[in-house]
Amino acid sequence: MWQLPGGSIDPDDDDALTAAQRELAEETGYHGGTWIGHGSLHPLPGLTDCRVYLWRVDQPTSGPAAADPSEADMRVLRVPLPEAVAAVREGRLRCAPSAAPVLSLTD
């Protein structure tokens, strides 16, 4: 399943931005850059109070990933935006909180 990086806000995180920065670094090795918030989504409001915060980072610096053991089988793919949009439209990117920001970046 294709997904954008993400995860939970941990007790040690100051806020959703801190959590997003930590998750991106852990899962992909990318860090720094300019972060822009794009609001939040409630992916299943009838079933859970879960909220997903959406972020875009421009010009991050690459580094080594430090995924936790439960993510050992995860593969990181760098996909150009047009291919990501096609993946949403063709049903290859089926994760709604990942598809929403991909489609929001298209005009």
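Computed quantities for the displayed model
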{"quantity": "Residue count for region 24-57, restricted to those that are acidic (D, E) and modelled with pLDDT of 95 or more", "calculated": "0"}
{"quantity": "Contacts under 6 angstrom Cβ, first residue in region 18-33 being touching a residue at least 12 places away in the same chain (Cβ under 8 Å) and within 13 Å of P60 (Cα to Cα), partner among the β-branched types (V, I, T) and open to solvent by 50 Å² or more (accessible area, probe 1.4 Å), 6 or more apart", "calculated": "T28/V76; H31/T61; G32/T61"}
{"quantity": "Per-region count, region 22-43, residues within 22 Å of L93 (Cα to Cα) and of a type outside the set (D, E, K, R)", "calculated": "12"}
{"quantity": "V57 being within 26 Å of T18 (Cβ to Cβ) and in contact with a Ser or Thr (Cβ under 8 Å, 6 or more places away or on another chain)", "calculated": "yes"}
{"quantity": "Condition met for E90 (surrounded by 13 or more Cβ atoms within 10 Å (Cβ to Cβ) and either farther than 15 Å from P101 by Cβ or of a type outside the set (K, R) (or both))", "calculated": "no"}
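The values are calculated or read from the model by the stated rules, or taken from the named source; none is laboratory data. Predicted model only: the values in this text are computed from it and were never measured. Counting neighbours? That spans all protein chains shown, and the Cβs are built from the backbone with ideal geometry, glycine included. Please note that ligands, DNA and RNA were not included when accessible areas were found on the heavy atoms of the full protein model with its side chains. Shrake-Rupley method; radii C 1.70, N 1.55, O 1.52, S 1.80 Å.
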